[in-house]
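Novice: Please find one structure pasted underneath; my questions will follow.
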Amino acid sequence: MAKQIAAQGGVDAVDVYATVLCWWSASIAPASSIGMGLVKWPTPVWALFAANDRYGQPSLLELLNLSGAQEEPLRSLPAHEDVSEDKEFSKAAQRTWRAERRGTTARGLLLTGSPFRPYRGRLTMDMSLESILRQAWDGPEPVAVSERPRPRRAVSLSVGAMWEVDRRDWHAGTATMGASTYSRMLHLVRRAPSGRAKTMTQQDGAWSGELESAYHWVFQEEPTLQLDHNAAAKLHPIRASMEDAFEGELPEWQAMFFVRIGGHCLRIAAALAAAEQSDTIRGVHVESAWTLARRACLDTTELIGAPIDLVEQTLADVDATVEGTTGTDEVIPFTGDRWVHRPQETGRTLSANTDDSDRSRDTAIVQKLKQWYGHRCQICSIVLTLPNGAYSEGAHIKAFGRDNGPDRLENLLCLCPNCHILFDNGARHLTDELEIIDSLTGRPLGPLTVHPWHRIDRQYVRSHRQRST
């Protein structure tokens, strides 16, 4: 995809690649994590781009739009360009939380634009925002939100960053940051176009089908991504070398730019693995991640004015070690505390298919489905409220007992009891476009309500339709 955009001229392929990686890693952050040892780590890749106006290049957000990443159904992560102080962050968090409750977005933010604000005649980073960002990079950020008449409460919010500033502003702004903040970002320089700029047009998104499938996979499986021994063997020299490679060789403020390069590599590798619907980070993912992190090291060297020969020699040593290091494909188990997905037996429901089954039903995924929809029926949009709260039912599209349908989110609908009975008995069916049809009259009843995270497999829709018609 990056090459498709870059081929039009006027933009560097790596710029596009890094931009979409920031967006993709932040998109999946609310439902994924990286498991290493006893700790879960978040997935977002953060980058601060230094742009050069004289190239006349499109902005990062324009690249994102041109890539098709911001088109439905992949457009689920709100971008906020106006966050340069803690109050603006809180407002953006409030908007995101409310949108997530409506089912229109994920519980995550992608910070874009500039993180700096003018203060007393110079650009600086708000100290309160800086503190929030440091915590957010380490894990989902607890944010106090409120929805009248309910009292304020804390929710966890995943935060990604894809900032872009003028090169002069980069120097002014990073000079006011602490090392623990600027080391949490990849620093990249927007490259000059390789060819003559042309009029850029949006791509047809031929690649987006696989990415859409991967996006649904992440939110349905909620993976804790783990490394195999080969990936760990390649990641270790990156982390060990870059953490102390320049100690005593560079001023401390310059050396600190490189200390978290291993952590950046891990997050990039996790994003690439998730894009392939893999919960295992392999050696090839780490090798690919290193190529982008390596470019960031060279760009950082240019920005801070560090000796290029020293950095290039260190990078060459890491190149050789990563290429020559191998390990087994055995996955390193995550030993930390995590939720284990165990199917549980449930009793008969009032509107279940009349043919019962001895197979156990997975109540956990049904509860997840109901939470997405807030118990609102996907067919009639009614929410039934009982004395003990809202009520809905999980309906299998391909019957669980009668037709041996799988107990998966792709084969489930959230329905009220009336629509569940109508659907199970063939009085309602769906088209491949998920239009609701009255099977008795053939009359279309409108589109099925579908949550952005809910992927419905069309093979089960066709199976139900064949039985109904």
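Values in this text are rule-based calculations from the coordinates and carry no lab data. Since this is a predicted model, take the numbers as computed values, not measurements. A quick note on method: Cβ atoms are made from the backbone with ideal geometry, for glycine too, and the neighbour counts reach across all protein chains shown.
Novice: Determine the principal axes of the Cα atoms in region 377-466, then give the extent along each, sorted from largest to smallest and rounded to whole angstroms.
Specialist: 39, 29, 27
Novice: How charged is the neighbourhood of GLU393? Take every other residue with its Cβ under 11 Å from the Cβ of GLU393, and add Lys/Arg as +1 and Asp/Glu as -1.
Specialist: On the way: positive: LYS370; negative: ASP424.
That works out to 0.
Novice: Among the GluC sites (Glu not before Pro) within region 371-469, which fall in a DSSP loop and have no more than 14 other Cβ atoms within 10 Å of their own Cβ? Write down the numbers at each step before the final one.
Specialist: Numbers: sites: GLU393, GLU410, GLU433, GLU435; in loops: GLU433.
Here the sparse-neighbourhood loop sites are GLU433.
Novice: Now, a different point. Starting from the 7 Å offset along Cα-to-Cβ, what nm value, one decimal, do you get for the label separation of LEU445 and LEU384?
Specialist: So the label points at LEU445 and LEU384 sit 1.5 nm apart.
Novice: Any idea how far the Cα center of region 242-282 sits from the one of region 383-461, in Å?
Specialist: What the calculation gives is 45 Å, centre to centre.
Novice: Could the peptides 306-319, 172-185 be put in order, highest first, of the mean number of other beta-carbon atoms found within 10 Å of their residues? Spell out each step's value before the answer.
Specialist: Details: 306-319: 15.3, 172-185: 18.7.
Descending mean neighbour count gives 172-185, 306-319.
Novice: Okay, moving on. Mind listing the long-range amide H neighbours of TRP41? Cut-off is under 5 Å, sequence gap 5 or more, other chains count too, H placed in the peptide plane at 1.01 Å from N.
Specialist: Residues meeting the criterion, in which the H sits 1.01 Å from N, are ILE34, GLY35, MET36.
Novice: Under a 5 Å amide H to amide H cut-off, with H placed in plane at 1.01 Å, what residues pair with ILE397 once short-range neighbours are removed?
Specialist: LEU412, LEU413
Novice: So which lysines can LYS3 reach, going by Cα to Cα under 27 Å and dropping same-chain residues fewer than 8 places off?
Specialist: The qualifying lysines are LYS198, LYS234.
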